[in-house]
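Structure first, commentary second.
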Amino acid sequence: DVKVTQSSRYLVKRTGEKVFLECVQDMDHENMFWYRQDPGLGLRLIYFSYDVKMKEKGDIPEGYSVSREKKERFSLILESASTNQTSMYLCASRPPGSGYGYTFGSGTRLTVV
Amino acid sequence: KNQVEQSPQSLIILEGKNCTLQCNYTVSPFSNLRWYKQDTGRGPVSLTIMTFSENTKSNGRYTATLDADTKQSSLHITASQLSDSASYICVVSAGFVGNEKLTFGTGTRLTIIP
């Protein structure tokens, strides 16, 4: 059974802290994504990666960066956490090409105080 | 601007009853449409995926329809169970192979009561 694992289910961080959200997939997928999910807004794409060392900005990249040093791992970094980054963060992966669904992780609920 | 609108925002039905959730989209060029189920505190899980040429697809008690002319999709749940309580998200993919962009609806929150 394919799996996308996010290292933390819940996180509480202070304003200004540097925050790392980790995501690991065991399906050898090239494509990985980070989304945030807020009530009434749906999922919004932060960053994605089509391969190791590659990264592309999504719709809302401000305040975030990513790292993909290995194929199976895609990390989201909040350089200096702010209260408006309190959200549910979802990692996803999929094979290349069309017609494939995304496999999502269970999410990390981040609260910035 | 690509948009996906879902209705209703929330729905409460009795266990055993049927229900239908709606999804209207304005996305171009259309590639495919997916329905996801998201349990509280969990990530979304794919239920169905439909391409332009498909107008019905079933997955157990879930049946999705697609009308590409009117740009509408529906998800019909038959004989609902308590475990169907979740948010259901419609996701439309636009673009071409290697350059797809997803647009997410805000979901329908379904509650099944005994």
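The set of residues in the range B:29-45 that are within 9 Å of chain A (Cβ to nearest Cβ) and either small (Gly, Ala, Ser) or over 8 Å from the mean Cα position of the chain (by Cα) (or both) comprises B:31, B:32, B:38, B:41, B:42, B:43, B:44, B:45.
Candidates in the range B:95-114 are the residues that are buried (at least 16 other Cβ atoms within 10 Å of the Cβ) and among the hydroxyl-bearing types (Ser, Thr, Tyr); of these, the one that is farthest from the other protein chains (Cβ to nearest Cβ) is B:108. Looking only at residues in the range A:62-71 that are at pLDDT 95 or above and outside any strand (DSSP E or B), which one is most open to solvent (accessible area, probe 1.4 Å)? Ranking the qualifying residues of the range A:62-71, first place goes to A:62. Restricting B:5, B:54 to residues that are part of a strand (DSSP E or B), over 20 Å from residue A:34 (Cα atoms) and either more than 9 Å from chain A (Cβ to nearest Cβ) or open to solvent by less than 60 Å² (accessible area, probe 1.4 Å) (or both) narrows the list to B:5. Looking at the range B:58-78, can you tell me whether even one residue there is within 14 Å of another protein chain (Cβ to nearest Cβ), within 24 Å of residue A:107 (Cα to Cα) and in a strand (DSSP E or B)? Looking through the range B:58-78, none of the residues is within 14 Å of another protein chain (Cβ to nearest Cβ), within 24 Å of residue A:107 (Cα to Cα) and in a strand (DSSP E or B).
Among the residues of the range B:64-94, those that are under 17 Å from residue B:40 (Cβ atoms) and open to solvent by 20 Å² or more (accessible area, probe 1.4 Å) comprise B:81, B:82, B:83, B:85, B:87.
Which residues, taken from the range A:44-61, are at pLDDT 95 or above and in a loop (DSSP other than H, G, I, E, B)? Selection gives A:60, A:61. Scanning the range A:29-87 for residues that are farther than 15 Å from residue B:103 by Cα and aromatic (Phe, Trp, Tyr) gives A:50, A:64, A:74.
Candidates are the residues of the range A:80-104 that are in a loop (DSSP other than H, G, I, E, B) and at pLDDT 95 or above; the one that is nearest to residue B:94 (Cα to Cα) is A:86. Looking across the range A:8-28, the residues that are part of a loop (DSSP other than H, G, I, E, B) and away from every other protein chain (no Cβ under 14 Å) come down to A:14, A:15, A:16, A:17, A:18, A:22, A:26, A:28. Against the test of being within 14 Å of chain B (Cβ to nearest Cβ), surrounded by fewer than 15 Cβ atoms within 10 Å (Cβ to Cβ) and over 12 Å from the mean Cα position of the chain (by Cα), the options A:101, A:40 yield a single qualifying residue, A:40.
When the range B:8-37 is filtered for residues that are in a strand (DSSP E or B), more than 30 Å from residue A:94 (Cα to Cα) and open to solvent by 70 Å² or more (accessible area, probe 1.4 Å), the ones remaining, listed by number, are B:12, B:14.
The values are calculated or read from the model by the stated rules, or taken from the named source; none is laboratory data. None of these values were measured; they are calculated from a predicted model. Because the Cβ atoms are built from the backbone with ideal geometry, glycine has one as well, and the counts that use them run over all protein chains shown. Only protein heavy atoms, including side chains, enter the accessible area calculation; ligands, DNA and RNA are left aside. Shrake-Rupley method; radii C 1.70, N 1.55, O 1.52, S 1.80 Å.
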